[in-house]
Every structure is written in C-alpha cells, then in structure tokens.
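Worksheet: the structure to be examined is printed underneath.
The values are calculated or read from the model by the stated rules, or taken from the named source; none is laboratory data. Bear in mind the structure is a predicted one, so any value in this text is a computation, not a measurement. Cβ coordinates were reconstructed from backbone atoms using ideal geometry, including for glycine residues, and neighbour counts include every protein chain displayed.
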Amino acid sequence: MANLTVRLAGLELRNPLVLASGIWGESGVSLLGAWKAGAGAVVTKSIGSVPRAGYPNPTIETYGQWGMLNAMGLPNPGIDEYPKEVEVPLHAGATVIGSIFGGSAEEFASLARRMAATGVAALELNLSCPHAEGYGTEVGGTPEAVDEIVRAVCRAVRLPVIAKITPNTSDPAALAVAAERAGASAVSAINTLRALAIDVRLRRPVLAHKLGGLSGAAIKPVGLACVWQICEKVSVPVIGVGGIAGAEDALEYLMAGATAVEVGTAVAFEGVGVFGRIARDLSALLDELGLPSVQAAVGLARGGAPAVPARGGR
Amino acid sequence: MRTVVPVSEVVSETPSTVTLRFPFAPAARPGQFVMLWLPGDDELPMSLSYTVGPSKGVTIKAMGETTRRVLSTRPGSSVGLRGPYGRAFDLSPRRILAVAGGSGAAVLAPAAEEAIRSGARVSVALGATTAAELLFADRFRRMGAEVLLATDDGSAGEPGFVTAPASRLLGSSPFDAVWTCGPEVMMVKVAQSARAAGVPAHCSVERHMKCALGMCDACALGPYHVCTDGPVFESERLFAETEFGRYHRDASGRRVPG
C-alpha cells in the first residue's frame, strides 16, 4: 500500500489532495465536509477586508465536463465574519490553509495577520485578484508586485506562506522565483486562465463580468507546463493546480515536480467524494507503477529517469 | 452549458406575478429548478412551475429590481436556461397536504398535479396577503385538489395566515406527507405542525445561488447545498442539521438572522 502522506512547508498532509480555494470554502461546515470526505487539507475561500457580494450572475459557464468559466468576483463574508466559519473545521482537527486577497501589499499584510490569528496552519495568497488601483490587471502579475506582497506578508506572520501563481503572464516561473526570494514557503500553480464566452444568439458575453477564469480539464496541460517551468527555477515545494480529476492527473503533476496538488473544478462535476476516490485510485496507481509513496513520485518525469515496466509486463 | 430560448407566452397570474412559458426539452421533475438568465440583467434560480412536456414554465413574483422588470417581459424575448437542477419532491405519498404561501404555490402546483395524476389525493392550503395575490387557486381546483384559502386581510377565504387552516387540516385528516413552500418563517411553522401530527414534511428552500452546481457555497445550508441536495428537503433534517429558520447567508456569505 503506497504511502500517501506529504510534508510540505512545515505541514504534514495525510494525502497530497488539497481542496482548492473557491470550492466549498465560504461556510465552515462545508470546509469540514470536504475534510471529512478525505481532502489532505482544505484551502478556504479567498477572504478580503470587507464582505463582498461578488459580481452579478451569470457567474458560471460550463463546457461539458472539460472546462468551466467563472467570474464570481471573490464573494466572501469578509475577515471580520470569517473566524466563526473557519473555527468549525479547525475545531474538528482539519488542516486548513487560509486564502486571502487584497488590492495592495499593506492590505495583504493586514489580512495575513487576521487570518493567522484564526489558527489556520498556513496562508495561501490569491495573487490573481484585481489591482486596487483599478488597473484591471491581476495584483500579482509582475515579479516586483509579487515580491512586495510576499515580503510584506512574511514580515507580518510566522505561518508558512504559499503564493498562488497566475498563468496570465508570459513568465510564471519568474513570479514563483520572486515569491521564493521574498520568503514564501511554497508556491501553488496555477490559478485560472483569463477566458471569455460569447452567446451568438444574444450577441453578448455569457458572464455578467464578461471576462472570467477558465478551470478544469482543459487547463491541465497549461498547469503542468507552469509547474514544470517553475520547478526548474525554485527549490521551495510546488503545489500543482489545474484540471485534476483523477489519479493519473495528480500523478502527472507530481512527476512534473509538484509535491502536492489542489482539486477544485472536479468537485462541481463529481461532488466532494472525488477526494476519497482519487486517494484510493492514486494508492492503487502508485502500487501498479512500483512506487512506494507519493514522495517517491515527485519529479520523476524530470531528468530522464528510467521508465518503470508495467506490472505483469515482459 | 446554457440554452437560449424564446419566451412563447407571458401570463399575468396576479398583479405581482407572471408566468413565462418557453420551449425546453430536458425532463424535469416537480421541485427542480432552473437558473433563468434574463440577458443583460441577472440569472436567478427559479423553480419550474410547469414541468411536463416540451413547453415548461417559471412563475416569477416581483420582489426586487430584476423580478420587477420581468413583469414587463414580452413573448418573443430570449431567456437563457441552465438545468433542471436539484432534488424533486418524492411523489410516493398518497395523501398529501400542500401548504403554499404566496409565490410558493408556483413550486407546489406542478407537484400536486403529478401526484394527483398518479392517483394521490391532495389538499391545498393556499395563502396570500390579499385575494388578488392568491396564486394558482383555480389551477389547484381544476386539478382536483381540495383547496382552502387564507388571506392576511380576509378578502378571500379565512382571514389570517395559512398556517392556521393547515394545522386544522392536519388535525382532522390522516395525511402521509406535508409539502410546503413559502416564506421560511411560514415553512418552519408548517413543519412544526406536521411534526406534532406525526406527518413527515418536505420544504422547498430558497437561498442565494451562483453556480447551482454544488461548488461555490453560496447556497450552503448546514452540511448541504440547496442546489444539489435540495431545494426540497425533509424538515427534520433541516431542523436537526441546519440553520433553517434561524439565519440565512447573504450574497457575500455573511450570516444574517431570519
């Protein structure tokens, strides 16, 4: 039986499958539900300084089971309200990573202190939120901005800080390098891809906010490429995110260099039972491939390791 | 993936309520809902008030800006639809008491119709603020349900809340299920009366929705999501495991009493 445990940025995870931010994370009871369903850790909804209703509907469009476009607009109850939610899974012993977003480095630092005070095990920084100055660009879209934000957060808290990297840039690895240099304990990659859907009969974009973020199976190859390039440049652990719906998907990311993965969109298509299923399937797959643990799989596709013959082969 | 369809008919049901009919082929069961996109305006969860056949419908009460605008929808205009979503009413009970408050009648009417078609007997306690706002009274009568009316101002039926005749019916007849839809404070009372009479109750619950796919948590209700585990719930689960009747979440997810 393969060992699924993972050590990452000072955290001990029972398996490498982490609930991605934005899924089941507004309510503490939901976070606990995802933990009980078998997630190795749960990331909260991205929490900001004030309650936010987010964008009007339509906020979602789906493409069969291969993709999802969302422009939720970071709805969240605000950091004042969130402690009463996050204490639910914390009280039950869940490994909870608090996600925060802000429009400036100062706001990130202030939120970091408040989120850390709730007792979460680590912070994940949502660097894909809009810039406060209304530039419309992602707040963590340049290495300089990432450096400023991560540095301010790491000065403010003692918790492990995970920087979530945007793919909407020509050089995601440079963002990850900046995060590492500024003190991040890990990076997660990727957030959603900037995307758009148009209804040709109505002659308008489908989403109320027009532009949205693409997630799901369609973006897995992009997520994998980013993880691959990031692992070339950083030595902190990388958490792979984007389109994971099964054990092979997770293993692709691990072999690309990721130490753990996040699962989000798959929950919409399969429910939170996806965590238990992938964990079981991953264990069986590692056994089939002769790998004793998740840790043994990390980075195996890098550096030309010899192929493992399939069981029963020859 | 959404479908865009033309509104084929607009029926004015009450001064505050219209039904939109549209061609929509996917099979739907009473209690299920669609996400109704009013282009350029909003996308709202709407229980289907007509669930049978190729032409379906939703019945919308003017409650806010968007729903007020819906009252002036014209046939031929386009709407978008996602769904049908959610868990429907269990249609196996044979002797059903349906308690409808205001626009809740829109949810219960198609359920009552299917139940009666399958041989069940249905009694309906229908309430509204005033006579003109009693929704689907004739539809309930035409389908062969026993109908009791109640209006807050006494302009039709009994004066007062519909919970009173509902409670009386529960005490005088052996029902094997109560179905209810309306303001949450009403549904709580109806469910409590049902419990006192030893009859299982099912409530069609409303919460803010965004994804309607069980993912975003906007409609989180205790350990459930209204969009995938509901909207129809057994009242005992609601009381035991959720904040039903005590608080709801606003569009930001903040808990708000009521």
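Residues in the range B:110-148 that are more than 18 Å from B:Tyr50 (Cβ to Cβ), touching a Ser or Thr at 6+ places or on another chain (Cβ under 6 Å) and not hydrophobic (A, V, I, L, M, F, W, C): 3 in all. Among residues that are without any contact (Cβ under 8 Å) to a residue 60 or more places away in the chain and either of a type in the set (A, V, I, L, M) or within 14 Å of another protein chain (Cβ to nearest Cβ) (or both), A:Leu254 is not included.
The rows are residues; the columns are (1) in contact with an Asp or Glu (Cβ under 9 Å, 6 or more places away or on another chain); (2) of a type in the set (Phe, Trp, Tyr); (3) in the same structural domain as B:Leu148 (by TED's automatic domain parsing); (4) touching a residue at least 40 places away in the same chain (Cβ under 8 Å).
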site	(1), (2), (3), (4)
B:Glu9	no, no, no, yes
B:Val34	no, no, no, yes
B:Pro45	yes, no, no, yes
B:Val52	yes, no, no, yes
B:Val58	no, no, no, yes
B:Ser72	no, no, no, no
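In the range B:203-216, the residues that are away from every other protein chain (no Cβ under 11 Å) and over 17 Å from B:Leu48 (Cα atoms) never reach a residue that is in a loop (DSSP other than H, G, I, E, B) and modelled with pLDDT under 95 with C-beta atoms less than 6 angstrom apart, at least six apart or across chains. Among the candidates B:Gly40, B:Gly53, B:Gly76, B:Gly80, the residue that is at pLDDT 95 or above, within 14 Å of chain A (Cβ to nearest Cβ) and part of a loop (DSSP other than H, G, I, E, B) is uniquely B:Gly76. A residue that is crowded, with 24+ Cβ neighbours inside 10 Å and either in contact with a Phe, Trp or Tyr (Cβ under 7 Å, 6 or more places away or on another chain) or within 26 Å of A:Glu144 (Cα to Cα) (or both) can be found somewhere in the range A:200-214. Sub-7 Å Cβ pairs linking a first residue in the range A:157-168 that is hydroxyl-bearing (Ser, Thr, Tyr) to a second residue that is part of a loop (DSSP other than H, G, I, E, B) and modelled with pLDDT under 95, at least 6 apart or interchain, are A:Thr166/A:Ser128; A:Thr166/A:Gly140; A:Thr166/A:Gly141, ordered by first then second residue. The set of residues in the range A:23-50 that are over 30 Å from A:Ile198 (Cα atoms), of a type outside the set (Val, Ile, Thr) and within 7 Å of another protein chain (Cβ to nearest Cβ) comprises A:Ser27, A:Ser30, A:Gly33. The single condition among (1) under 13 Å from B:Gln32 (Cα atoms); (2) touching a helix residue (DSSP H, G or I) at 6+ places or on another chain (Cβ under 7 Å); (3) away from every other protein chain (no Cβ under 14 Å) that B:Tyr85 does not meet is (3). Would you confirm whether or not the range A:84-92 contains a residue that is outside any helix (DSSP H, G or I) and within 14 Å of chain B (Cβ to nearest Cβ)? Scanning the range A:84-92, I find at least one residue that is outside any helix (DSSP H, G or I) and within 14 Å of chain B (Cβ to nearest Cβ), so the answer is yes. Residues that are at pLDDT 95 or above, in contact with an Asp or Glu (Cβ under 8 Å, 6 or more places away or on another chain) and not in a helix (DSSP H, G or I) are absent from the range A:145-153. Could you list, in sequence order, all residues of the range A:55-81 that are at the interface with chain B (Cβ under 7 Å from one of its Cβ atoms), crowded, with 20+ Cβ neighbours inside 10 Å and part of a loop (DSSP other than H, G, I, E, B)? Scanning the range A:55-81 gives A:Asn57, A:Pro58, A:Thr59, A:Met72, A:Pro75, A:Pro77. The set of residues in the range B:196-217 that are aliphatic (A, V, I, L, M) and more than 21 Å from A:Tyr63 (Cα to Cα) comprises B:Ala196, B:Ala197, B:Val199, B:Ala201, B:Val205. The set of residues from the range A:154-193 being β-branched (Val, Ile, Thr) and not in a loop (DSSP other than H, G, I, E, B) comprises A:Val161, A:Ile162, A:Ile165, A:Val177, A:Val187.
When restricted to residues that are touching a residue at least 12 places away in the same chain (Cβ under 8 Å) and of a type outside the set (Val, Ile, Thr), the range B:158-171 contains 8. Return a yes/no flag: does the range A:94-113 have any residue that is within 9 Å of another protein chain (Cβ to nearest Cβ), under 27 Å from A:Leu193 (Cα atoms) and in a loop (DSSP other than H, G, I, E, B). For the range A:94-113, residues within 9 Å of another protein chain (Cβ to nearest Cβ), under 27 Å from A:Leu193 (Cα atoms) and in a loop (DSSP other than H, G, I, E, B): absent.
Please verify whether B:Val11 is surrounded by fewer than 21 Cβ atoms within 10 Å (Cβ to Cβ), more than 14 Å from every other protein chain (Cβ to nearest Cβ) and within 18 Å of B:Ala137 (Cα to Cα), treating the condition exactly as stated. So B:Val11 passes the test.
Out of the residues in the range B:217-258 that are of a type in the set (Lys, Arg) and facing another protein chain (nearest Cβ under 8 Å), which is nearest to B:Ser47 (Cα to Cα)?
The selected residue is B:Arg249.
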